[in-house]
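The values are calculated or read from the model by the stated rules, or taken from the named source; none is laboratory data. Source: prediction; values computed, not measured. Here the Cβ positions follow ideal geometry from the backbone for every residue, glycine too, while neighbour counts run over all protein chains shown.
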């Protein structure tokens, strides 16, 4: 996923992740000097390198076990970027299946309705001493760097953070991204793919508190590890993995919910 502000067209993005893009193709699409654009994109989390005369995402050459993945989750006081804000953000930076760094913060907020508080457990009084959104986003952007952005149903988290950065005067995100939900659909047979359902069915995180950012990040991290272990396709580098998570056939879902069946079985035994 790339920001809507990224100037290269879809065909060029595809070439950057696969066969490579020539200098002239980039030059035709950028208003500034190409070298300047490459530096600007790098500052936004997207590293494009030159290899044998063509340009590529650097992730085309990074093996999965050597890549840095940043697993992210946010809680917000609503779903509309123009009206609402992030109230909590958490992330784990992972390399070769191991956590190498972590980030977690509540965000100062003066308006959280009861519905959101009931879901998240976060109330305005909990955020009084938290840093303001601008400070949290600056810190998170530095933490993220050019790692691959991973989230469950990644589009919401990525676009909300990217849009929030734009609102405070920073450039939007351009990091390569990976959806753990899409990856799970192609590696794990499940009746549903909501994070809470997968957590229960796979016993990923026994102490999970759903809809708290770090708890959901830990659950997503455990899910990500399971998916990588079950990934049977030829996945040699990060771009292979991203492509697999979007294009590989989804696994067939069971017709009936096995969790409901397991709950009903004891009752049936008693009645007999």
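Consider segment 21-66 and keep the residues that are touching a residue at least 40 places away in the same chain (Cβ under 8 Å) and assigned to a loop (DSSP other than H, G, I, E, B). The one that is farthest from residue 1 (Cα to Cα) is 62. In segment 232-246, the residues that are in the same structural domain as residue 175 (by TED's automatic domain parsing) and modelled with pLDDT under 95 reach residues that are surrounded by fewer than 19 Cβ atoms within 10 Å (Cβ to Cβ) and part of a loop (DSSP other than H, G, I, E, B) with C-beta atoms within less than 9 angstrom, at least six apart or across chains, in these pairs: 233/248. Checking each residue in segment 89-118 for being in a helix (DSSP H, G or I) and either touching a helix residue (DSSP H, G or I) at 6+ places or on another chain (Cβ under 6 Å) or surrounded by 13 or more Cβ atoms within 10 Å (Cβ to Cβ) (or both) picks out 116, 117. For the residues 168, 122, 148, the requirement of being in the same structural domain as residue 217 (by TED's automatic domain parsing) and surrounded by fewer than 19 Cβ atoms within 10 Å (Cβ to Cβ) singles out 168. Here residue 186 passes the criteria (1) at pLDDT 95 or above; (2) over 30 Å from residue 249 (Cα atoms) except the one numbered (2).
Does residue 73 satisfy the criteria of being part of a strand (DSSP E or B) and either free of Cβ contacts under 8 Å to residues at least 40 places away in the same chain or closer than 16 Å to residue 212 by Cα (or both)?
Details: part of a strand (DSSP E or B): yes; either free of Cβ contacts under 8 Å to residues at least 40 places away in the same chain or closer than 16 Å to residue 212 by Cα (or both): yes.
Yes: the conditions hold for residue 73.
Consider residue 258 carefully, then state whether it is modelled with pLDDT under 95 and either under 24 Å from residue 93 (Cβ atoms) or loosely packed, with under 15 Cβ neighbours inside 10 Å (or both). Yes: the conditions hold for residue 258.
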